[in-house]
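The values are calculated or read from the model by the stated rules, or taken from the named source; none is laboratory data. Note that the structure is predicted; figures quoted are calculated from it, not measured. Reconstructed Cβ throughout: ideal geometry from the backbone, glycine too, with neighbour counts over all protein chains shown.
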Amino acid sequence: MLSLRAKVVPSATGGSLTVTVSRWSTDAERAPLLTALSAPPPPPPAAAPAAGGRAAGRGGRGGRGSAPPPTPIERLAAAVKVAPTLGYVWGDGVTGYSIKYAWRSPASDRIVLVTDRRLGAHAPEWGLPAGTPPGPEFTVIELRLDGAGAGEGKASLSTAVVLDSAASTLALDRFAAAPVLLKVTR
């Protein structure tokens with residue numbers, strides 16, 4: 001079990017979080033999330049030809065009413081919803097966030113967590129940068145810790161989620177350039 005305390009950096013009120021991981025994701029639990037982000041979207045369904053050999057619809061385009069295939073982020077959000085709960089992130093309030101993905105590098109103190117909802121969505125004091133578009137209903141948190149368990153954390157609130165193929169995990173795009181969201185203590 002892992003337990004950490006973290007101070008929310010942009011918060012004017014100095015909010016804090018407690019992160020408790022009961023166990024790490026198994027390979028089988030990680031696979032659907034990694035596949036959702038890495039797999040190409042399915043091709044759009046082919047339109048059935050109309051009578052007389054022409055494609056259905058006006059102008060031969062067909063398929064106007066069909067929904068577009070889900071994006072990789074939409075597929076990832078769906079996979080997060082059905083993943084087992086592996087721990088919790090608790091804020092200063094009464095609301096917590098379920099951890100649905102928990103990965104730790106065996107070679108370093110790099111930790112990747114995914115919560116079931118958007119961190120700070122109901123906490124305006126988190127002060128996300130102006131113009132930050134609303135994102136998916138989950139949050140990817142990447143922590144980099146030193147040997148004593150202290151360090152910093154960044155999140156998908158302001159940075160894109162990517163697949164780290166070398167480590168076989170989810171990650172934050174350009175981690176070094178992302179703004180620090182959390183200061184972590186043991």
- prompt: Looking at P68, is it out of contact with any Pro (no Cβ under 7 Å at 6 or more places or on another chain) and modelled with pLDDT of 75 or more?
  reply: yes
- prompt: Which residues, taken from the stretch 152-180, are part of a loop (DSSP other than H, G, I, E, B) and either β-branched (V, I, T) or surrounded by fewer than 20 Cβ atoms within 10 Å (Cβ to Cβ) (or both)?
  reply: S158, T159, A160, S165, A166, A167, S168, D173, R174, A178, P179, V180
message: Can you pull out every residue in the stretch 87-104 that is at pLDDT below 90 and not hydrophobic (A, V, I, L, M, F, W, C)?
response: G91, D92, G93, T95, G96
message: Just checking, does the stretch 111-118 include any residue being at pLDDT below 85 and surrounded by 13 or more Cβ atoms within 10 Å (Cβ to Cβ)?
response: no
task: Run L128 past the list (1) at pLDDT 90 or above; (2) more than 23 Å from T71 (Cα to Cα) and report the number of the one that doesn't hold.
output: (1)
query: Given the conditions (1) buried (at least 19 other Cβ atoms within 10 Å of the Cβ); (2) modelled with pLDDT of 95 or more, which single one is not true for P84?
result: (1)
- request: Go through the stretch 153-186 residue by residue and tally those that are under 14 Å from L17 (Cα atoms) and touching a strand residue (DSSP E or B) at 6+ places or on another chain (Cβ under 6 Å).
  value: 8
